[in-house]
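Worksheet: one structure, shown below.
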C-alpha cells in the first residue's frame, strides 16, 4: 500500500508541507501567532517554555524544538526568538539544518520590536511558502508512515471499539514495515507487567517498568498516589472491575506487535515497528511529543468527543460512540459505532482506520484541520518554573 | 445483526455488555467475525461483564486476551462478572486492604 507524501532531504517523508514558524520562548508567541495568521501555508509551534527553568528542562526544550523543526511535515522553518531566552538557539538551528532544511531566524530585540519582526517574518515566510508550494507529492510505501496513538475523553466504548481497532491498524502498519508510537505512560499503570510481556527483550521490559516508576514518583513527590484509588468508584459503577482491566482498555491501542524499544519524550525512533515513548496523557504535551518523535499522522480515539488537533500533524479522530458522532460531529472523522450496533467488526474497523490514515497521509484533511482546531501544543516539563 | 455484547479475544472468558441486558435473555456476543449466544442468569448493566464459560475459584479472568484478575468463587456461565466475584492480582486500590501480588 502506498501514500502520496513529500520527500525530505534526510530520507523522511512528510504528509503535509508547511513552513513552520517556531517560538524559541514563551515571550514571542504573539509574534508567531501574527505571522501565521497572515501567511497561508505556515503552521506555528508556540509553547510556554524556554526561560526561567532548570537546565534539565531547558535541555528538553532545546531537544524538542529541534525535533519539531525536523518533523517531515515541515518544509522549512523560521525560528523567532526574543534575544534573552535560555533556549540554546545555535543548537536548535544547527540541529534542524542538519536534516537538510532551510532555517531562518529572527530576533525580536535585534530586529526592533514585535511589529518590525512580524513584518520581516511575513515577507520571508511568503517566499518560503512559495518555494514549498513548488514541491509535489510522490508515492511512498506506508512503511514511511510514523503513527502516533492517543485516546482521550474516553468512555465505556473507548476500550471496546476504537482502541482495539487502533490496535489492529497498528499491527497492520507494523507488518507493512511502518512505525507506531504508544505514549501515555500514566495509562500503563496497573497493566505495565502485561505491556512488559510484549517487550522484545528484557532491557525493553525494564524500560517500560522504569517509565511507570518515574511517573509515579513524580506524582508522589507532590503527595499524590496515582496508583491508589484505582479503579475509581465511578469506574467500578461503569463496569470496570480491576486496575489491570482499566489500563488494558487504553493499552489495547498497541495491538499485538512486539515492543521494539522505549524512548524518552520527543525522541525520534531509530527502529521500525511498535515503540513506547515517555509522555503524559494530556493532549498538548503528548501531541507535541509525538510530533517531535517524527510522527507524520496521529490517530486519536475518543468516547465523549475530544476536539484537539496539532498545527502540522493531522490528527484523525475516531469513536465507537453513537452519541459522540451525533453531538460532536464537527470533530469526529470516523464513526465506528456500527461495531456496537452489530453491523461492523473490530478487525474490519481496524483495516478501515489504516486506509483512512493512508488517505489523510496523502492530503485528505481531518476535521480538526478544516476547523482550525489545531493548537493543542506544549512541551512536557519535569521541573519547576523559577 | 444487532449484538448485545463484545468479546475481544478468543481466550476471553468474559464479554462486555453494549446494552442493558436482562436475566433470562439470550445475549448475542460478537467476537471478531463470529457470534455466540449466552443465556443470562442475572441482569447485566451496559458496560459490565458476564461470563462466557464456567469459571472456578482462583481461575484467571481474561479480557483482551490478557489477565485482568482472578475469580474469588466458582462462577457459572452467564453470570455478572465484577467486584463481587473477581479480584485484581495487583490489589484493590479503592479498598486499600491487602497487597496481593501472587
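Please treat every number below as a calculation from the coordinates, not as lab data. Keep in mind the model is a prediction, meaning the values are calculated, not measured. Cβ sites come from the backbone with ideal geometry, for glycine too, and all protein chains shown count toward neighbours.
State the Cα centre-to-centre distance between segment A:80-111 and segment A:213-234 in whole Å.
38
For the Cα atoms of chain A, what angle does the longest principal axis make with the long axis of helix A:202-221, in degrees from 0 to 90, nearest 10?
Tilt relative to chain A: about 80 degrees.
How well do other chains shield peptide A:40-48, expressed as the mean number of their Cβ atoms within 10 Å of each residue Cβ? Don't skip to the end; give the middle numbers.
Values: counts 0, 0, 0, 0, 0, 0, 0, 0, 0.
Across A:40-48, the average partner-chain Cβ count within 10 Å equals 0.
Measure nothing but the geometry: give the 0 to 90° angle between the long axis through the Cα atoms of A:283-292 and the longest principal axis through the Cα atoms of chain A, rounded to 10°.
70
Given contacts defined as C-alpha pairs under 8 Å and at least six residues apart, what's the relative contact order of segment A:292-354, whole-number percent? Please list the in-between numbers first.
Values: 82 pairs, mean separation 15.9, N = 63.
In percent, rounded to a whole number, it is 25.
In whole percent, what relative contact order does chain A give with Cα contacts below 8 Å and a gap of six or more residues? Could you put the intermediate results ahead of the total?
On the way: 874 pairs, mean separation 84.7, N = 386.
Relative contact order of chain A: 22 percent.
If each of residue A:385 and residue B:53 carries a label point 7 Å out from its Cα toward its Cβ, how far apart are those two points in nm?
Label-label distance for residue A:385 and residue B:53, simple model: 5.4 nm.
Exposure proxy check: A:386, B:6 ranked by fewest other beta carbons within 10 Å?
Values: A:386 8, B:6 25.
Placing the least packed residue first, the sequence is A:386, B:6.
Under 8 Å for C-alpha pairs, at least 6 residues apart: give me the relative contact order for segment A:18-134, rounded to a whole percent. Numbers along the way, then the final one.
Values: 200 pairs, mean separation 39.2, N = 117.
Relative contact order for segment A:18-134 comes out at 34 percent.
What's the angle, to the nearest 10 degrees (0 to 90), between helix A:346-361's Cα axis and the longest principal axis of chain A?
Around 10 degrees separate the two axes.
Would you mind checking segment B:29-46 for residues with the amide N under 18 Å from a putative spin-label position 7 Å along Cα→C-beta of residue B:23?
In segment B:29-46, the label zone of residue B:23 (backbone N under 18 Å from the point 7 Å along Cα→Cβ) covers B:38-46.
I want to verify the translational diffusion coefficient of segment A:18-134 in µm²/s; compute it with Stokes-Einstein, Rh as the Kirkwood radius over Cα pairs, at 4 °C and 1.567 mPa s. Don't skip to the answer; put the middle values down first.
Numbers: Rh = 13.8 Å.
Translational diffusion coefficient: 94 µm²/s.
List the pair-distance distribution P(r) of the protein assembly as shown, using every Cα-Cα distance, as the percent of pairs falling in each 20 Å bin from 0 up to the bin containing the longest distance, rounded to whole percents.
24, 52, 21, 3
Picking from B:75, B:83, B:55, which is most flexible by a Gaussian network model of chain B using Cα springs under 10 Å?
B:83
Once you average over the residues of B:53-64, how many Cβ atoms of partner chains fall within 10 Å of each Cβ? Working shown, then result.
Details: counts 0, 0, 0, 0, 0, 0, 0, 0, 4, 0, 8, 13.
Other-chain Cβ atoms within 10 Å of each residue's Cβ, averaged: 2.
Starting with the fewest neighbours, write out A:19, A:262, A:271 ranked by other beta-carbon atoms found within 10 Å of each beta-carbon. Walk me through the numbers before you get to the answer.
Working: A:19 29, A:262 22, A:271 11.
By the 10 Å Cβ count, ascending, the order reads A:271, A:262, A:19.
So what is the calculated 222 nm ellipticity per residue for the protein assembly as shown, using -39500 (n - 2.57) for each DSSP H run with n of 4 or more, over all residues, to the nearest 500 deg cm²/dmol? Provide the component values of the computation, followed by the final result.
On the way: 15 runs with 156 residues, N = 488.
Computed ellipticity for the protein assembly as shown at 222 nm equals -9500 deg cm²/dmol.
Once you've got the GNM for chain A with C-alpha springs shorter than 10 Å, pick whichever of A:82, A:56, A:354 has the biggest mean-square fluctuation.
Maximum fluctuation in the GNM of chain A, among the listed residues, is at A:56.
When Cβ neighbours within 10 Å are restricted to other protein chains, what is their mean count per residue of peptide A:266-275? The partial results should precede the final answer.
Values: counts 0, 0, 0, 0, 0, 0, 0, 0, 0, 0.
Mean shielding count: 0.
Just to be sure I understand the model, the point goes 7 Å from the Cα along the line to the Cβ. What's the resulting residue B:11 to residue A:110 distance in nm?
For the pair residue B:11/residue A:110, the computed spacing is 6.0 nm.
Order of A:51, A:151 from fewest to most other C-beta atoms within 10 Å?
Details: A:51 18, A:151 25.
Exposure proxy ranking, most exposed first: A:51, A:151.
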